[in-house]
Amino acid sequence: MTLTAVLRTLPFPTIPTIFGVDFNITLLSAILLATSKQVYKWFVLNYCNWPEHLEATQETIASCVSITHSTLLLYPLWTLITQHRLDPCATIKDAPSVLWYNDAMTLMEWCSGYMLQDFLLILMKDYNPGSSSKFFPFVLPGEDPLFLLHHIATFSYMTMARKLKAGHLSAMLLMFFGGEFSSSLSPKHFHVF
């Protein structure tokens, strides 16, 4: 059974497509990864006894989610990339099979879910109702604005590749070499337990 078949058979309410693009697995991924963050938080605070108020604790918890996400993507991404001729502009008709294309779309949806949940969790963390701006009640410290822009760009790129039914291979190459490969090995903010 393929990844697509497994994820598409989970009991999950389906949401309507938006502009012809399915977001069910994106939403499922966002929920599962946000839930995993709470599990990691419990583990780090209760089992490792790290103090919650330290920035290193919060960064480690977030990095654990990133490691989980990238580890789940690495093998399927590599498998699909090596089965396709390397043409970053390839369209659906260039895919080795319909099954291959469905798995590629599923991986992009899963990655979009990570981008969505991390974007929302960063905004929740940075929410400040006492902000001087009523329009933008967030205080975005350090690298947070760059992370948010990265999430918007990545989510948009993968969604457009799915909508246009082209560019899926370039999105997967960027996912593998530009993010997931290094993320599971040594994320910048990871601190050893």
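Any read-out appearing in this document is the output of simple, stated calculations on the displayed coordinates, not a laboratory observation. Bear in mind that the values here come from a model prediction, so they are computed numbers and not experimental data. All Cβ positions, even for glycine, are placed from backbone atoms using ideal geometry, and neighbour counts span all protein chains on display.
The label-point distance for Val139 and Val39, in a model that sets each label 7 Å from Cα toward Cβ, rounds to 3.4 nm.
Direction-averaged projected area, Cα convex hull, the stretch 22-183: 10.7 nm², rounded to one decimal. Once the chain from Leu149 to Leu120 is taken as fully extended at 0.36 nm per residue, the excess over their C-alpha distance is 9.2 nm. The magnitude of the dipole of the stretch 22-183, with charges of +1 and -1 set on the Cβ of Lys/Arg and Asp/Glu and taken from the Cα centre, is near 360 debye.
Annotation for Leu173 and Leu86: the two label points, set 7 Å from Cα along the Cα-Cβ direction, are 0.7 nm apart. The lysine pair tally for the stretch 22-183, using Cα distances under 19 Å and a gap of 8 or more places or different chains, is 5.
Can you list which of the GluC sites (Glu not before Pro) found in the stretch 46-110 are DSSP loop residues with at most 13 other C-beta atoms within 10 Å? Filter output for the stretch 46-110: Glu52.
When the Cα positions of Leu99, Ser112, Ser70 are compared along the charge dipole of the stretch 43-112, Leu99 comes out farthest toward the positive end, with charges on each C-beta of Lys, Arg, Asp and Glu. For the pair Ile15 and Trp78, the difference between a 0.36 nm per residue extended length and the Cα-Cα distance amounts to 19.7 nm. Roughly how many Å is it from the Cα centre of the stretch 30-63 to that of the stretch 88-141, as a whole number? Comparing the Cα centres of the stretch 30-63 and the stretch 88-141, I get a distance of 21 Å.
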